[in-house]
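S.K.: Shown below is the structure under consideration.
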Amino acid sequence: MVFSHNAAYTIRPTKRTRKDEELKACAAKGGLVCITAVPNALSDDPEQDIECVLDHYDYMVKLIGIDHVGIGTDTVIGDHVIFQHYMLGRDLNELPAPYLNGLESPADGKNIIRGLIRRGYSDEDIKKILGGNALDLFRRVMS
C-alpha cells in the first residue's frame with residue numbers, strides 16, 4: 001500500500017491529508033506514505049515555505065517510523081495556481097500562496113534534503129526518505 005502524495009490530517013485537516021489511523025494502518029501493512037509539497041495543501045499562510053513540508057516529515061517519522069516515509073512532492077514547472085485549483089478543488093481567489101518558498105519548482109527538491117539535515121536526520125534516514133523505502137517496497141512487491 002502506498003499513499004503517494006499525502007500529509008498528516010492532524011497537522012493540516014484537508015481532503016488531501018490522511019488521519020493518523022489511516023497512516024498507522026498503511027505502515028502496519030508494510031506500506032509507504034510519501035509527503036506532498038503542493039502549495040496551499042499544507043498551509044494557508046501566504047508566506048508558507050518548506051518548513052511546513054518538513055513539519056509533516058517530522059510528524060510522520062514519529063508516528064509511523066522512518067521505514068514508512070517517502071518523498072512525494074507533486075511540485076510542477078509552470079502554472080502552479082491552475083494546478084492547485086485542480087488538485088485542491090478551491091477557487092483561485094481562495095489560494096493564499098502561488099508556491100511554497102524554498103520549493104518553487106522540482107529543481108528545488110534539494111532543499112528538502114537540506115532541511116532534513118538541518119533537522120538532524122542521519123544520512124541513512126535521508127536515503128530512506130528519498131527513495132530507499134520506495135525501492136524496498138517495490139522489491140517486496142516484485143518478489
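The values are calculated or read from the model by the stated rules, or taken from the named source; none is laboratory data. Since the structure is predicted, the reported quantities are computational estimates derived from the model, not experimental observations. FYI the Cβ positions are ideal-geometry reconstructions off the backbone, even for glycines, and counts take in every protein chain you see.
S.K.: Having 3 or more residues that are touching a residue at least 60 places away in the same chain (Cβ under 8 Å) is the bar; report the helices (runs of 4 or more DSSP H) wholly within the stretch 102-143 that clear it. Reasoning before the result, please.
M.R.: Values: elements: 110-118, 123-127, 133-142.
In the stretch 102-143, the matching helices (runs of 4 or more DSSP H) lie at 110-118, 133-142.
S.K.: Additional query: Does ASN93 satisfy being among the polar types (S, T, N, Q), at pLDDT below 80 and either assigned to a helix (DSSP H, G or I) or over 28 Å from LEU135 (Cβ atoms) (or both)? Show your work before the answer.
M.R.: On the way: among the polar types (S, T, N, Q): yes; at pLDDT below 80: yes; either assigned to a helix (DSSP H, G or I) or over 28 Å from LEU135 (Cβ atoms) (or both): yes.
So ASN93 fits the description; yes.
S.K.: Being assigned to a loop (DSSP other than H, G, I, E, B), within 16 Å of TYR59 (Cα to Cα) and either modelled with pLDDT under 95 or touching a Cys at 6+ places or on another chain (Cβ under 9 Å) (or both) is the filter here, so list the residues in the stretch 17-40 that pass it. Break it down into steps so the answer makes sense when it comes.
M.R.: At the first step, the residues of the stretch 17-40 found to be assigned to a loop (DSSP other than H, G, I, E, B) are 17, 19, 29-31, 36-40.
This time we only want the ones that are within 16 Å of TYR59 (Cα to Cα), so: 17, 19, 36-37.
Once the filter is applied, which keeps residues that are assigned to a loop (DSSP other than H, G, I, E, B), within 16 Å of TYR59 (Cα to Cα) and either modelled with pLDDT under 95 or touching a Cys at 6+ places or on another chain (Cβ under 9 Å) (or both), the stretch 17-40 yields THR17, THR36, ALA37.
S.K.: Looking at the stretch 13-30 only, could you name the residues that are in contact (Cβ under 8 Å) with a residue 40 or more places away in the chain, of a type outside the set (Ser, Thr, Tyr) and either on the phi > 0 side of the Ramachandran plot or surrounded by fewer than 17 Cβ atoms within 10 Å (Cβ to Cβ) (or both)?
M.R.: So in the stretch 13-30, the residues in contact (Cβ under 8 Å) with a residue 40 or more places away in the chain come out as 14-16, 20, 23-24, 26-27, 30.
If we keep only those that are of a type outside the set (Ser, Thr, Tyr) as well, we get 15-16, 20, 23-24, 26-27, 30.
Scanning the stretch 13-30 gives LYS15, ASP20, LYS24, GLY30.
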